[in-house]
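Below is one structure; the comments refer to it alone.
The values are calculated or read from the model by the stated rules, or taken from the named source; none is laboratory data. The model shown is predicted, which means the values in this text are computed figures rather than measured ones. Quick reminder, even Gly has a Cβ in these numbers, built from the backbone with ideal geometry, and neighbours come from all protein chains shown.
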Amino acid sequence: MSIIDDILSKTDMDEIRKETEENYRQYVNPFALRMFKNASLDIIEGKREGASVWDISGQKYIDCVTGAGIFNVGRHNKEIVEGLKKALDTYDMGGWISIVRERGILAKKLAEITPGDLKYSLFCCGGGEAIEVAVKLARGHTDKTEIICMENGYHGVTGFALPATGRDVYKQPFAPLTPGYRHVRYNDIGAVEEAITEETAAVLLEPIQGEGGIIPADDAYLRQLRELCTKNEILLVFDEVQTGFGRTGKMFCAEHSGVNPDIMVLAKSLSGGLYPLSCAVFTEEIAEFLMTHPFIIINSFGGTSLACLVALATIEYIENNDLPGHATRMGGRFMAGLSALKGKYPKLVLDVRGRGLMLGMEFPEDSIGPRMAYQLKQNGVISIYTFNNPRIIRIMPTLVITEQEVDFVLEAFDRSLAEISKQEEKNAAR
């Protein structure tokens with residue numbers, strides 16, 4: 001029996017859980033295991049399908065985390081799985097020191113569907129790597145060094161991406177960091193204007209701050225930002241790692257404001273939750289930097305044959321099933337229900353906000369986010385507070401979620417808020 005057969009054939013759930021947790025303690029990261037347990041995310045996934053995941057014991061949950069937007073097309077989407085199986089009959093990943101046919105086809109498709117004059121793509125594996133590509137392109141193209149980013153933003157934790165992430169807890173252990181990053185208030189055009197110097201190469205931001213608390217940028221702010229960058233010959237970079245591919249009700253969040261960035265960073269849902277892939281898509285003008293440096297930004301596993309075929313199948317599924325439109329409709333259903341809960345529990349719920357199926361609920365103090373995650377798990381929903389703000393619990397289900405599943409999640413929120421409300425009343429009475 002092969003190692004894969006041995007792993008997949010085990011059926012004793014208690015033994016599997018014990019073995020897995022012990023391996024984490026001994027060989028992976030015991031502190032991460034503890035955090036998973038504290039965050040009510042200590043689920044060992046078994047079956048995955050549509051909007052749901054089952055743990056190894058068979059308990060079903062609606063997944064409202066989805067890896068912060070990895071599984072837009074659903075968990076273990078069968079159509080895309082079949083595409084990958086067909087590709088594996090012929091391909092391996094492909095050599096990076098060669099011309100990859102599938103990479104060219106995907107790059108052409110991305111040029112067609114991304115907004116404005118975005119045309120060329122450089123591929124890598126994760127979102128942080130793609131942010132690094134964007135920063136390198138911005139500095140290489142402009143011959144300037146400074147990157148303006150946003151307080152409370154999140155762009156990953158790799159070398160060039162970590163300094164752009166707007167929370168010190170991620171950065172302090174690794175100082176000194178790559179210099180040249182300036183952080184300003186989000187949604188404040190005056191703060192950006194004040195931060196611009198002769199060395200400013202680019203402004204980098206998320207059109208909706210994900211880990212910062214599901215905070216959308218104002219459309220007017222993004223339009224002002226575009227004008228400001230154009231006026232000062234500064235590049236505008238959108239991090240659409242979480243917001244891309246239908247998540248907010250448009251294929252890309254930038255389309256809501258009609259603002260076209262010079263560089264757009266894509267990852268997570270790009271390849272259907274089946275194969276690692278990310279990229280930076282940029283204009284022809286920026287591509288001129290690569291004319292004399294064609295191999296200055298490389299990635300051994302970025303844009304492989306298999307990854308690109310999966311991404312093409314993912315985009316085809318999103319388009320054929322109008323997932324952006326579905327996200328708009330289901331997001332509206334969610335917002336109506338969440339707003340009603342805000343009225344029902346005014347002492348617990350301060351705000352509900354977001355776009356499409358990228359939503360957040362805000363509580364008055366930090367402890368309620370983790371407690372809500374626990375209560376939701378008891379009621380069949382996986383959800384988690386945002387990394388930079390535990391007062392916000394994120395609601396980011398797959399984009400194939402049905403009306404009935406939306407209602408199930410809303411009922412779970414109602415029951416969870418009711419339980420926490422009882423707890424708060426008991427605490428106040430002591």
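Tabulated values for the structure
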{"quantity": "Verdict on Lys108 being without any contact (Cβ under 8 Å) to a residue 60 or more places away in the chain and under 21 Å from Tyr275 (Cβ atoms)", "calculated": "yes"}
{"quantity": "Pick from segment 47-62, criterion at negative phi and in contact with a helix residue (DSSP H, G or I) (Cβ under 9 Å, 6 or more places away or on another chain), ranking: surrounded by the fewest Cβ atoms within 10 Å (Cβ to Cβ)", "calculated": "Ser57"}
{"quantity": "Segment 412-430 residues that are charged (D, E, K, R), paired with ones that are modelled with pLDDT of 90 or more and assigned to a helix (DSSP H, G or I) (beta carbon under 8 Å, 6 or more apart)", "calculated": "Asp414/Leu341; Asp414/Lys344; Arg415/Gln375; Glu419/Gln375"}
{"quantity": "Qualifying residue in segment 339-352 (condition: under 18 Å from Asp63 (Cβ atoms) and either in contact with a helix residue (DSSP H, G or I) (Cβ under 6 Å, 6 or more places away or on another chain) or not assigned by TED's automatic domain parsing to the domain that holds Ile208 (or both))", "calculated": "no"}
{"quantity": "Matching residues in segment 151-170 - criterion: being under 17 Å from the mean Cα position of the chain (by Cα) and of a type in the set (A, V, I, L, M, F, W, C)", "calculated": "Val157, Ala161, Leu162, Ala164"}
{"quantity": "Breaking point among (1) closer than 28 Å to Ile189 by Cβ; (2) in contact (Cβ under 8 Å) with a residue 40 or more places away in the chain, for Phe301", "calculated": "(1)"}
{"quantity": "Verdict on His155 being assigned to a strand (DSSP E or B) and either without any contact (Cβ under 8 Å) to a residue 60 or more places away in the chain or assigned by TED's automatic domain parsing to the domain that holds Val281 (or both)", "calculated": "no"}
{"quantity": "Complete set of residues in segment 214-231 that are part of a helix (DSSP H, G or I) and either in the same structural domain as Cys64 (by TED's automatic domain parsing) or farther than 14 Å from Val259 by Cβ (or both)", "calculated": "Lys231"}
{"quantity": "Enumeration of residues in segment 1-43 that are more than 32 Å from the chain's Cα centre (by Cα) and among the small types (Gly, Ala, Ser)", "calculated": "Ser2, Ser9"}
{"quantity": "Verdict on Glu211 being surrounded by fewer than 19 Cβ atoms within 10 Å (Cβ to Cβ) and of a type outside the set (Ser, Thr, Tyr)", "calculated": "no"}
{"quantity": "Subset of segment 253-269 that is over 14 Å from Ala111 (Cα atoms) and in contact with a strand residue (DSSP E or B) (Cβ under 9 Å, 6 or more places away or on another chain) - its residue that is surrounded by the fewest Cβ atoms within 10 Å (Cβ to Cβ)", "calculated": "His256"}
{"quantity": "Some residue of segment 194-213 being part of a helix (DSSP H, G or I) and farther than 24 Å from Arg355 by Cα", "calculated": "yes"}
{"quantity": "Strands (runs of 3 or more DSSP E) within segment 42-118 that include 1 or more residues at pLDDT 95 or above and within 15 Å of Ala307 (Cα to Cα)", "calculated": "none"}
{"quantity": "Members of segment 286-304 that are among the small types (Gly, Ala, Ser) and buried (at least 21 other Cβ atoms within 10 Å of the Cβ)", "calculated": "Gly302, Gly303"}
